[in-house]
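So the structure is just underneath, and the comments pick up after that.
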Amino acid sequence: MDAAALNEAAARYVGAWARGDEGAVRGMLAGDVVFRGDGVVWLDDLKGPEAVIASLRRDHAAEPPSRYEVVAAAADPSERAAFTAVAWERGAGGGAGAGLTLKELLFDEAGRVRVALLSDPSSCRPADLFAELLPRLQPASRARAQPADGELAAAMRRALGVWDAAWGSDGPGAERLREVCAENFRVLDGYGLHGSGPSYGLDAAVEMVSDLRRGSYSATTQLHCAVDPATRVGFSRWEGKGVSKTDADSQTRLGGFDMCLFDSRGRLETLVQFTMKNYPQLAARKRGGREGGAVGAPAGA
């Protein structure tokens, strides 16, 4: 599948979910499909088509979305991976809630979804983040209608690669971030739970990477990455681990899903960081409710 086919397949899946079309959703799922929980909102995995269809029924029985629309997309044919950002609303005029849910879909050779990531950060993050982002995102269909810019795409991929690798002890130095980030660079905490404030800039990012290296041994791996030069949007899926230099037994594992907006030179301008880890403020929340053992999540898979 090329990038256009992957984006089209992801859009069909989103459309089928929005309609509550069980037959269409089931037809797009591999027999051994797994929807992996992010560990923040979705606590458990969904395994098999029947678990996914049961979630679809619960989602639409509660309250069907009044809007469920792809507003950004990018795909990596080498990994058969498609990323989407989906704007959702519930209730008349979105009065009952609105937000943005991110998806990573991995397809098999037959074009069926075999692995997906469950993430709906808008159940945690205040809506102002999405009010800021949505006007800057174009429908994915517009991106497919424009010619690809190979040089810009390469710069965007390079910038994402440097950003992800810089957080590892063996990665590029913190000052390298200044080469791939715009002067007005901002990082937004996607979940709103990290504790570093709602946003921070380039100087703070450089200092945070430097502090991390001084206090721990860490490693990061970029699992999947895709960019769309037409809309200057990209996505990155990564995982990492770290060990304190003063306490060898204090190992930390975490993952992440980033959505990035780039400037015209392919530099990182706005990066929305969804860090997947155990947040203390969520420990007391009750498990259950929706698909995958979701913690209060309002939107579907």
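Odds and ends about this structure:
- Residue check, residue 178 in a helix (DSSP H, G or I), surrounded by fewer than 18 Cβ atoms within 10 Å (Cβ to Cβ), out of contact with any helix residue (DSSP H, G or I) (no Cβ under 6 Å at 6 or more places or on another chain) and free of Cβ contacts under 8 Å to residues at least 40 places away in the same chain: yes
- Just one of (1) over 20 Å from residue 99 (Cβ atoms); (2) of a type in the set (D, E, K, R); (3) part of a strand (DSSP E or B) fails for residue 69. It is (1).
- One residue from 19, 12 being surrounded by fewer than 17 Cβ atoms within 10 Å (Cβ to Cβ), in contact (Cβ under 8 Å) with a residue 12 or more places away in the chain and either within 20 Å of the chain's Cα centre (by Cα) or farther than 24 Å from residue 255 by Cβ (or both): 12
- Of the residues in the stretch 160-172, at least one is modelled with pLDDT of 90 or more and crowded, with 20+ Cβ neighbours inside 10 Å.
- Out of 56, 102, one residue alone is of a type outside the set (Lys, Arg) and touching a strand residue (DSSP E or B) at 6+ places or on another chain (Cβ under 7 Å). It is 102.
- Failed condition for residue 185, given (1) modelled with pLDDT under 90; (2) surrounded by 17 or more Cβ atoms within 10 Å (Cβ to Cβ); (3) more than 15 Å from the chain's Cα centre (by Cα); (4) outside any helix (DSSP H, G or I): (1)
- Residues of the stretch 102-155 classified as in a loop (DSSP other than H, G, I, E, B), at pLDDT below 75, surrounded by 13 or more Cβ atoms within 10 Å (Cβ to Cβ) and of a type in the set (Gly, Ala, Ser), total: 3
The values are calculated or read from the model by the stated rules, or taken from the named source; none is laboratory data. Keep in mind that what you see is a predicted model, and the values were worked out from it rather than measured. Every residue, glycine as well, gets a Cβ built from its backbone with ideal geometry; the counts of neighbours run over all protein chains shown.
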